[in-house]
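Undergrad: Quick one: the structure is below, and I'll ask about it shortly.
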Amino acid sequence: MKQVISNKFFEGERPLFASKDIRIENVKFYPGESAIKECKNVEAYKCEFMCKYPFWHNDNALIEDCLFTVYSRAAIWYSRNIQMINSRVDAPKMFRELDNLYLENVKLSCAGETMWNCRGMKLRNVEARGGDYIFMNGTDIDIDGFYLQGNYSFQDVKNAVIRNAKLDSKDAFWKTENVTIYDSEINGEYLGWYSKNLKLVNCKISGTQPLCYCTNLVMENCTMGKDSDLSFEDSILEATINGPITSVKNPAGGHITADCIGEIIIDENCKNPGACKISTRKNTCLV
């Protein structure tokens, strides 16, 4: 049975350090540091965090209906088995170096540099704004229902499946490996450069120079915006596009099928001219 701590406030350094089997209800943590450091089996319900680094080196934490204010930066690092439900985060650098993170109905208003080097993440109905460099070096990610505003997202990520997302992010998915995205909208320049085994299914793509320098890129039933020009440079791909492509430049191999292509550029920088087979369904193209 957990010890219940309710309707209190704490401040200063390490007020609940190394606690075990506790439930914290309607508690406010005023300025200080490391309030719940090195704890095990903690539940926090309707709490407000105004302190730095509150959850470091924790095992098994459930955080529900809580608020992390702008003062609670770098709140949850070096921990395992963290669940956060129905909560709001207004602080940056929220999650780092975690194993097994679950988020459901969570809003992050200042998500810059968060979820770095995390292993085993599951997100359901999450919104992240200001999320520059979010998910860097993450592995084993499962996302369904996600809105992101923030650039340079998902860099160096490995083994991820993303569904029903809207991502407003330039330079997204650089140097990723084994990432599959379903039923999503991705808006931003320079999408997916240097990726390996990136798969896009039923996705809408916009932004200049997408999907260049890719290895084993797969696109199924996707559409591309008018600003998606100079696509697929030096990429090896299998792509089936519904609608037009504004322009394709120097693809390295594979196949591209689209309704039409406004311009196909094969210049002196093409490493393997003719290696990519390009076909269109229509004779004329309006892009």
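Undergrad: Can you pull the percent of Cα pairs in region 71-184 with separation above 22 Å?
TA: Of the Cα pairs, 17 percent sit more than 22 Å apart.
Undergrad: Which one, Ala18, Ala165, Thr246, is farthest towards the positive end of the dipole of the chain when Lys and Arg carry +1 and Asp and Glu -1 on their Cβ?
TA: Towards the positive end, the residue furthest out is Ala18.
Undergrad: Ordering Ser6, Ser206 by how much accessible area each has at a 1.4 Å probe, largest first, what is the list?
TA: Ser6, Ser206
Undergrad: Residue by residue, what Karplus-based ³J(HN,Hα) values in Hz, rounded to whole numbers, does region 255-271 have, using 6.51, -1.76 and 1.60 with θ = phi - 60° and x for Gly and Pro?
TA: Once rounded to whole Hz, the list reads 9, 10, 10, 8, 4, 6, 10, x, 8, 10, 9, 10, 10, 5, 8, 6, 6.
Undergrad: Here's another thing I want to ask about it. Looking at region 123-248 only, what percent of DSSP beta bridges run antiparallel? Nearest 5 please.
TA: 0
Undergrad: Another question, then. Give me the percent relative contact order of region 145-184, please, defined on Cα pairs under 8 angstrom at least 6 residues apart.
TA: Computed value for region 145-184: 48 percent relative contact order.
Undergrad: Continuing with this model, one more query. If N is the number of residues in the chain, what value comes out of its Cα radius of gyration divided by 2.2 N^0.38 Å?
TA: 1.18
Undergrad: A follow-up question, please. Could you state the accessible area per residue of the chain in Å², with a 1.4 Å probe and every protein chain left in place?
TA: Counting only protein heavy atoms, the per-residue value for the chain is 44 Å².
Undergrad: Once phi is turned into θ = phi - 60°, what whole-Hz ³J(HN,Hα) does the Karplus curve with 6.51, -1.76 and 1.60 give for every residue of region 199-213, x standing for Gly and Pro?
TA: Working through the residues one at a time gives 10, 10, 10, 6, 10, 10, 10, 9, x, 5, 6, x, 6, 9, 6 Hz.
Undergrad: List the residues whose amide H sits under 5 Å from the amide H of Gly130, counting only those 5 or more places along or on another chain, with H placed 1.01 Å from N in the peptide plane.
TA: Ala111, Gln149
Undergrad: Something else about it: If amide hydrogens are placed 1.01 Å from N in the peptide plane, which non-local residues have theirs closer than 5 Å to the one on Ile278?
TA: Close amide H contacts, sequence-distant or interchain: Ile256.
Undergrad: Amide H of Gly225: which non-local residues (sequence gap of 5 or more, or other chain) have their own amide H closer than 5 Å, using H built in the peptide plane?
TA: Those lying under 5 Å, H to H, from Gly225 are Ile205, Ser206, Gly207.
Undergrad: Further, regarding this structure: In region 14-74, what is the volume of the convex hull around the alpha carbon atoms, normalised per residue and reported in Å³?
TA: 62
Undergrad: Work out how far the C-alpha atoms of region 1-103 reach from end to end along every principal axis, then list the three figures in whole Å, largest first.
TA: Taking max minus min along each principal axis of the Cα atoms, region 1-103 gives 29, 28, 24 Å.
Undergrad: Filter the cross-link list Lys93/Lys204; Lys226/Lys271; Lys93/Lys166; Lys122/Lys199; Lys46/Lys158 down to pairs whose alpha-carbon distance in this structure exceeds 24 Å.
TA: Over 24 Å apart, Cα to Cα: Lys93/Lys204; Lys226/Lys271; Lys46/Lys158.
Undergrad: Output ³J(HN,Hα) for region 108-117: one whole-Hz value per residue in order, computed from phi by the Karplus curve 6.51 cos²θ - 1.76 cosθ + 1.60 with θ = phi - 60°, and x for Gly and Pro.
TA: Ordered by residue, 3J(HN,Hα) equals 10, 8, 9, 8, x, 6, 10, 6, 7, 6 Hz.
Undergrad: How high is the relative contact order of region 203-287, in percent, counting Cα pairs under 8 Å that sit 6 or more residues apart?
TA: 24
Undergrad: Taking the highest mean first, how do the peptides 119-129, 262-272 order by number of other beta carbon atoms within 10 angstrom per residue?
TA: So the peptides 119-129, 262-272, ranked by packing, come out 119-129, 262-272.
Undergrad: Hey, what D do you get for region 135-257 in µm²/s if you plug the Kirkwood alpha-carbon radius into Stokes-Einstein at 4 °C and 1.567 mPa s?
TA: Stokes-Einstein gives a translational diffusion coefficient of 95 µm²/s.
The values are calculated or read from the model by the stated rules, or taken from the named source; none is laboratory data. A quick note: this is a predicted structure, and the numbers were derived from the prediction, not measured. Heads up, the Cβs are rebuilt from the backbone with ideal geometry, glycines too, and the neighbour counts pull from every protein chain shown. The protein model used for the area step is the full one, side chains on, heavy atoms only, and it has no ligands, DNA or RNA in it. Shrake-Rupley method; radii C 1.70, N 1.55, O 1.52, S 1.80 Å.
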